[in-house]
Amino acid sequence: MKRTLMILAPALVFSFAAALAKNPGNIKPPKFDPPNLQAFENEHLPWGYPSWHSDVMIYRDGYSIGYDNEKKSAAWVCYHVRNGYYKPAAGSAKWAGDPATPAEARAGVEDYKKIKKTRYFDKAQLFPADLARGNKDFKAQAFFLSNALPADPALAAGPWKSLNGRIKAWSAVYPDLNVCAGPVFADDDGDGSVEYETLGANRIAVPDALYAVVARYSASNPVAGAKALAFLFPNSPETKKQVAMKYLTTVDRVESVTGLDFFPRLPVPAQAKIESEINLSGWNRP
């Protein structure tokens, strides 16, 4: 049963129903041939898709989304980071519903409207607008609500912001980074179903936590020498004034609570090493 918290208030898309529990890495995406799809995957999804369970796949200029129609939010957003991508874009941008998502599964600006005597949620941007590469279209796409999750203001202003600052600092040291981020919905009783609050008239699912997996690698050879750090952030006021590094965890832990697979194309021994440990060696500490 879902708990309800009443707070009234250009993309290439591919929809599919078939799903695999884990993407084994050698399976190609469903037949869909937008311009430069292979180049896009090589940049933003170098180790394959985190899941085939997504209801809608959205390919944007700076990132990709696996969208969950039921929860009306992304299950994952993945994107490539280079230091040169941090270029401000001219003009302003406003949050808007995403026309690439089905109308009945679309978040709206009014869903986030503040109402007295109710818990307020901020928008945690998954692909940060700071990565607009000086392009106003990239910036506008970052403000589609499919690229946001309802987040406690303490989380949005605290460790989530702290993490984005660290990623920017790491990009000045490491030529290529890849980030995947999204929601966690807790299966409290272990029966495979989840309960969650919903937000606004469109009933946007409020996650119990947010995750991020940050990997560094060589774009010319993503398999060799990849290293990763993973984070799990409680979506609660307890994150107030905390920093991202407090919430370090293993990739295995994130995969276990999300059902995703972040490195399906890596050889199994490399996956086991990267995913099972928290290893800060080789990471600059900005």
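The values are calculated or read from the model by the stated rules, or taken from the named source; none is laboratory data. Computed from a predicted model, the values in this text were never measured in an experiment. With ideal geometry, Cβ positions are generated from the backbone for all residues, glycine too; neighbour counts draw on all protein chains shown.
Can you confirm whether Ser92 is hydroxyl-bearing (Ser, Thr, Tyr) and touching a Gly at 6+ places or on another chain (Cβ under 8 Å)?
Values: hydroxyl-bearing (Ser, Thr, Tyr): yes; touching a Gly at 6+ places or on another chain (Cβ under 8 Å): no.
Against the criterion (hydroxyl-bearing (Ser, Thr, Tyr) and touching a Gly at 6+ places or on another chain (Cβ under 8 Å)), Ser92 does not qualify.
How many residues does the stretch 105-148 hold that are assigned to a loop (DSSP other than H, G, I, E, B) and more than 18 Å from the chain's Cα centre (by Cα)?
Residues of the stretch 105-148 that are assigned to a loop (DSSP other than H, G, I, E, B), as a first pass: 106-108, 113-121, 126-128, 132-135, 143.
So of that shortlist, the ones also more than 18 Å from the chain's Cα centre (by Cα) come out as 108, 113-120, 133-135.
Residues that pass the stated criteria total 12.
Only one residue in Tyr174, Tyr196 is more than 19 Å from the chain's Cα centre (by Cα) and not basic (Lys, Arg), so which one is that? Explain how you work it out, then say what you get.
Numbers: Tyr196 fails: more than 19 Å from the chain's Cα centre (by Cα).
Only one candidate passes the filter, namely Tyr174.
With the requirement that a residue be surrounded by fewer than 23 Cβ atoms within 10 Å (Cβ to Cβ) and outside any loop (DSSP other than H, G, I, E, B), what does the stretch 180-208 give you?
Of everything in the stretch 180-208, those that are surrounded by fewer than 23 Cβ atoms within 10 Å (Cβ to Cβ) and outside any loop (DSSP other than H, G, I, E, B) turn out to be Val184, Thr198, Ala205.
Considering only the stretch 244-271, how many residues are outside any loop (DSSP other than H, G, I, E, B) and either of a type in the set (Phe, Trp, Tyr) or more than 22 Å from the chain's Cα centre (by Cα) (or both)?
Taking the stretch 244-271 first, the residues outside any loop (DSSP other than H, G, I, E, B) are 244-249, 251-258, 268-271.
Filter again for either of a type in the set (Phe, Trp, Tyr) or more than 22 Å from the chain's Cα centre (by Cα) (or both), leaving 247, 268-270.
Counting residues in the stretch 244-271 that are outside any loop (DSSP other than H, G, I, E, B) and either of a type in the set (Phe, Trp, Tyr) or more than 22 Å from the chain's Cα centre (by Cα) (or both) gives 4.
Tell me whether the stretch 205-226 contains one or more residues that are among the charged types (D, E, K, R) and over 23 Å from Leu145 (Cα atoms). Walk me through how you get there before you give the answer.
Step one: of the stretch 205-226, the residues among the charged types (D, E, K, R) are 208, 216.
Remaining after also requiring over 23 Å from Leu145 (Cα atoms): 216.
Yes, the conditions are met somewhere in the stretch 205-226.
I'd like to check something: does the stretch 60-78 contain any residue that is over 18 Å from the mean Cα position of the chain (by Cα) and farther than 30 Å from Pro267 by Cβ? Show your work before the answer.
First, pick out the residues of the stretch 60-78 that are over 18 Å from the mean Cα position of the chain (by Cα): none.
No, that holds for no residue.
Within the stretch 180-195, identify whether any single residue is at pLDDT 95 or above and of a type in the set (Asp, Glu), and answer yes or no.
Checked against the condition, which is being at pLDDT 95 or above and of a type in the set (Asp, Glu), the stretch 180-195 yields no hits at all.
Being touching a helix residue (DSSP H, G or I) at 6+ places or on another chain (Cβ under 7 Å) and either within 13 Å of Ile204 (Cβ to Cβ) or in a helix (DSSP H, G or I) (or both) is the filter here; which residues of the stretch 151-163 pass it? Walk me through it before giving the result.
Taking the stretch 151-163 as the starting set, the residues that turn out to be touching a helix residue (DSSP H, G or I) at 6+ places or on another chain (Cβ under 7 Å) are 151-152, 154-155, 158-159, 162-163.
Answer for the stretch 151-163, where residues must be touching a helix residue (DSSP H, G or I) at 6+ places or on another chain (Cβ under 7 Å) and either within 13 Å of Ile204 (Cβ to Cβ) or in a helix (DSSP H, G or I) (or both): Ala151, Ala154, Leu155, Pro159, Ser162, Leu163.
Where residues in the stretch 64-99 are within 17 Å of Leu149 (Cα to Cα), of a type outside the set (S, T, N, Q) and in contact with a His (Cβ under 6 Å, 6 or more places away or on another chain), which of them is surrounded by the fewest Cβ atoms within 10 Å (Cβ to Cβ)?
Tyr79
Among Pro29, Pro50, Pro35, which is the only one that is touching a Cys at 6+ places or on another chain (Cβ under 9 Å), part of a loop (DSSP other than H, G, I, E, B) and either at pLDDT below 95 or within 14 Å of Gln141 (Cβ to Cβ) (or both)?
On the way: Pro29 fails: touching a Cys at 6+ places or on another chain (Cβ under 9 Å); Pro35 fails: touching a Cys at 6+ places or on another chain (Cβ under 9 Å).
Unique residue meeting the criteria: Pro50.
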